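After the structure tokens below, expect a handful of questions from me.
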Amino acid sequence: MDAVGVILGFSSYEGLVFGLVAIGVYLTLRVLAFPDLTVDGSYTLGGATSAVLIVKGFNPLVGIIAALVAGLCAGIITAVLNTKLRLPALLAGILMMVGLYSVNLRIMGGANVSLLREPTIFDQAGGLLGIGSNTIGLSIIVALLIVVIVLLILNWFLRTELGLGLRATGDNEEMVRGLGSDTNKNLILGVSIANGLVALAGSVVAQAQGFADVGMGIGMVVMGLASVIIGETLFNPRGVAGLLLAGISGAFIYRLIITIALRLGLAPGDLKLITALLVIAAMAVPYIKKKIRHEWIPPAERW
């Protein structure tokens, strides 16, 4: 039973944190129909920015806010490459992901930055609540607080006139443009918010694990995609709140499967294969259901 508690606790924390990545991927891929690969770079950017500021003596909370802003800027550049220079979305994301690798190295001054002897947001929360900073319970509390704040703000924003315009841009860009809304600005806003959330997740993870590494973001876009697909497939959400919660739930289930696989002795090098198989399985479920019901299935999207 202790092992089950540890697995559930660890998966809950990771599901909450990586749920921010899933929401970011959901905003670009599902809301805006914008396949953004900047995520891998912006996740590391958030961790690097936060870690360097903490080492330089800034408050950990300032590091988190700075990471959010850095992620917003990365998203803006990606969207501008697409809307102003007319680069395809995939190419714009790839170029930013590659460019951010060098930017992150410059920020950190090397391949990694250690936070082992530096105060973090978890140390501050532990001191405030009287809980040890290295406990999984404290990690869950801090992650839950951050996620709840993000969900409340997003749930409100996506229901505003600006948020509705952003959502409509992904559904029918020509119609939105015909109604007088600037779809380019909507796209820039949405992609920037998505990458800001991803950078925020990178900042929290860097402070939790005690270091930021230039390779910490590898595979984040796939992980976010897997979480979104799992959440949509299993919960079939409706409405803004349901879709956001489905992303968080999908991230929890994804991390739970990964944690169990590691506990069963699976080699860490096989995790990428497991992730790929999870995505394939989740995406195949709707197709199989339609096949069984003999429904028409459109050709696969090729962007």
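The values are calculated or read from the model by the stated rules, or taken from the named source; none is laboratory data. What you see is a predicted model, and the numbers here were worked out from it, not measured in a lab. With ideal geometry, Cβ positions are generated from the backbone for all residues, glycine too; neighbour counts draw on all protein chains shown.
Given the structure, is residue 149 exposed (fewer than 15 other Cβ atoms within 10 Å of the Cβ) and under 18 Å from the mean Cα position of the chain (by Cα)?
yes
Considering segment 54-72 alone, what residues qualify as being within 17 Å of residue 28 (Cα to Cα) and surrounded by fewer than 16 Cβ atoms within 10 Å (Cβ to Cβ)?
Within segment 54-72, no residue meets the criteria.
With hydrophobic (A, V, I, L, M, F, W, C) and in contact with a Phe, Trp or Tyr (Cβ under 9 Å, 6 or more places away or on another chain) as the only criterion, which of 143, 125, 168 stands out?
Criteria check complete, one pass: 143.
Separate question: Could you please let me know if residue 280 is closer than 18 Å to residue 22 by Cα, surrounded by fewer than 13 Cβ atoms within 10 Å (Cβ to Cβ) and at pLDDT below 85?
Criteria met by residue 280.
Answer yes or no as to whether residue 76 is farther than 10 Å from residue 197 by Cα, touching a residue at least 24 places away in the same chain (Cβ under 8 Å) and touching a Pro at 6+ places or on another chain (Cβ under 7 Å).
Here the answer is no, as residue 76 does not meet what is asked.
Rundown of residues vs (1) touching a Leu at 6+ places or on another chain (Cβ under 8 Å); (2) closer than 16 Å to residue 259 by Cβ; (3) without any contact (Cβ under 8 Å) to a residue 12 or more places away in the chain, yes/no style:
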site: 3; (1), (2), (3): no, yes, no
site: 8; (1), (2), (3): yes, yes, no
site: 11; (1), (2), (3): yes, yes, no
site: 18; (1), (2), (3): no, yes, no
site: 21; (1), (2), (3): yes, no, no
site: 25; (1), (2), (3): yes, no, no
site: 30; (1), (2), (3): yes, no, no
site: 35; (1), (2), (3): yes, no, no
site: 39; (1), (2), (3): no, no, no
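Checking residue 102 against (1) of a type outside the set (A, V, I, L, M); (2) surrounded by fewer than 19 Cβ atoms within 10 Å (Cβ to Cβ); (3) within 22 Å of residue 183 (Cα to Cα), only one condition comes out false. Which one?
Here residue 102 clears every test but (3).
Also, quick follow-up: Within segment 37-59, count every residue that is among the small types (Gly, Ala, Ser) and in a loop (DSSP other than H, G, I, E, B).
Residues flagged as among the small types (Gly, Ala, Ser) and in a loop (DSSP other than H, G, I, E, B) within segment 37-59 amount to 1.
Across segment 215-228, which residue is nearest to residue 168 (Cα to Cα) among those that are out of contact with any Gly (no Cβ under 7 Å at 6 or more places or on another chain) and surrounded by 20 or more Cβ atoms within 10 Å (Cβ to Cβ)?
225
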